[in-house]
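A.B. asks: Below: one structure in structure tokens.
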Amino acid sequence: MTPKERRNERLAEKMIKNLNRRNMEAFYCPTAEEAVRKVSELVEDGNSVTWGGSMTIRDLRIPEMLRSRGTLEVLDRDLLDKPEEVRALYLRSFSADVYLTSANAISEDGIIVNIDGNGNRVAAITWGPRKVVFVIGMNKVAQTVEAALVRARSVASPINAHRLNINTPCLKDGACHNCNSPESICSYVHFLRNSRNKGRHVVVLVGEDLGY
């Protein structure tokens, strides 16, 4: 085991205890492959399942894994083009059994930070789906919630602005300007401090660098 792997394992142990205190179930998977298997375990046969805008979910090819099972109702937003169809799926997502997503950052004491342009992802995290499963690489861990917000604003948001090619100041120089641009990707800032319903929020920490 490398020094980085040992550190991630020890830190994850601490974070799992902190997440449990916040009424969340949590697991640590040293590798991406193990994380995909854990997600599959968390989605039961017969479940309806969908996901938010997450490169982690896509890079791990979790949608393909879910479709291949053949025992799930997969609400696949990635197959839709028309805005009205996408909106309809967003609304259906609130009644899904399982909603998959990642995070822009997470503090060591277990507060999950997400920033959203449209708000559908943070809305579903807050209310609706029976279970919300986060898949979070250890590269997104910040020491404090303040540092987590800085990471979300200064690292994740500018990268996502470039990924989506939206017209914001951070597209021009890669830095956060705390802008009020009409296309701002930082319209909704969300902090998950506690899970109101025990076990509704599940966190899978992964000992690899995933997403932005």
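Derivation of every value follows stated rules applied to the coordinates shown; laboratory data play no part. Everything numeric in this text was worked out from a predicted model, so none of it was measured. Every residue, glycine among them, receives a Cβ derived from its backbone with ideal geometry; neighbour counts consider all protein chains shown.
A.B. asks: Pairs of Cα atoms under 8 Å, at least six residues apart: use those to get the relative contact order of the stretch 125-199, whole percent.
C.D. replies: In percent, rounded to a whole number, it is 22.
A.B. asks: Give me D for the chain in µm² s⁻¹, whole number, from Stokes-Einstein with Rh from the Kirkwood sum over alpha-carbon pairs, 4 °C and 1.567 mPa s.
C.D. replies: Translational diffusion coefficient: 74 µm²/s.
A.B. asks: Ordered by packing density, taken as the mean number of other Cβ atoms within 10 Å over each peptide's residues, highest first, how do 80-87, 143-150 rank?
C.D. replies: Per-residue mean Cβ counts within 10 Å order the peptides as 143-150, 80-87.
A.B. asks: Hey, any idea what Rg/Rh is for the stretch 84-142, computing Rh the Kirkwood way over Cα pairs?
C.D. replies: 1.01
A.B. asks: Okay, next question. Pairs of lysine in the chain with Cα under 28 Å and at least 8 positions apart or on different chains: total?
C.D. replies: Number of lysine pairs found: 20.
A.B. asks: Along the stretch 187-196, what does the Karplus equation 6.51 cos²θ - 1.76 cosθ + 1.60 (θ = phi - 60°) give for ³J(HN,Hα), rounded to whole Hz, x for Gly and Pro?
C.D. replies: 5, 10, 10, 10, 10, 9, 8, 8, 8, 4
A.B. asks: Would you work out the relative contact order for the chain, in percent, from Cα pairs under 8 angstrom that are 6 or more residues apart?
C.D. replies: Dividing the mean separation by the residue count of the chain yields 30 percent.
A.B. asks: In whole Å, what is the distance between the alpha-carbon centres of the stretch 108-174 and the stretch 190-204?
C.D. replies: 16
A.B. asks: Something else: For the charge dipole of the stretch 26-115, defined by +1 on Lys and Arg C-beta atoms and -1 on Asp and Glu C-beta atoms about the Cα centroid, which residue among 86, 99, 72 has the Cα displaced farthest towards the positive pole?
C.D. replies: The Cα lying farthest towards the positive end belongs to 86.
A.B. asks: Most fluctuating residue of 175, 105, 161 in a GNM of the chain with Cα springs under 10 Å: which is it?
C.D. replies: Top of the fluctuation ranking is 175.
A.B. asks: Further question on the same structure: For residue 126 and residue 1, what does the FRET efficiency come to when R0 = 35 Å and r is the distance between their Cβ atoms, rounded to the nearest 0.05?
C.D. replies: The pair residue 126/residue 1 has a calculated efficiency of 0.40.
A.B. asks: If you don't mind, there's one more thing I want to ask. Per 10 Å bin, what is the whole-percent P(r) computed from every C-alpha pair distance within the stretch 1-45?
C.D. replies: Over the stretch 1-45, the share of Cα pairs per 10 Å bin runs 25, 45, 27, 3 percent.
A.B. asks: Right, next: Pop the C-beta distance of residue 44 and residue 189 into the FRET formula with R0 = 35 Å and round what comes out to the nearest 0.05.
C.D. replies: 0.60
A.B. asks: Might you report the magnitude of the Cβ-based charge dipole of the chain about its Cα centre, with Lys and Arg at +1 and Asp and Glu at -1, to the nearest 20 debye?
C.D. replies: 600
A.B. asks: I would also like to ask the following. Could you derive backbone 3J(HN,Hα) for the stretch 125-136 from the dihedral phi with the Karplus parameters 6.51, -1.76 and 1.60 (θ = phi - 60°), listing whole Hz in sequence and x where the residue is Gly or Pro?
C.D. replies: Karplus values, whole Hz, x for Gly and Pro: 4, 6, 7, x, x, 4, 9, 10, 10, 9, 10, 10.
A.B. asks: Would you mind checking which residues have amide H under 5 Å from residue 131's amide H? H placed 1.01 Å from N; only 5 or more apart, or other chain.
C.D. replies: The answer is 98, 99.
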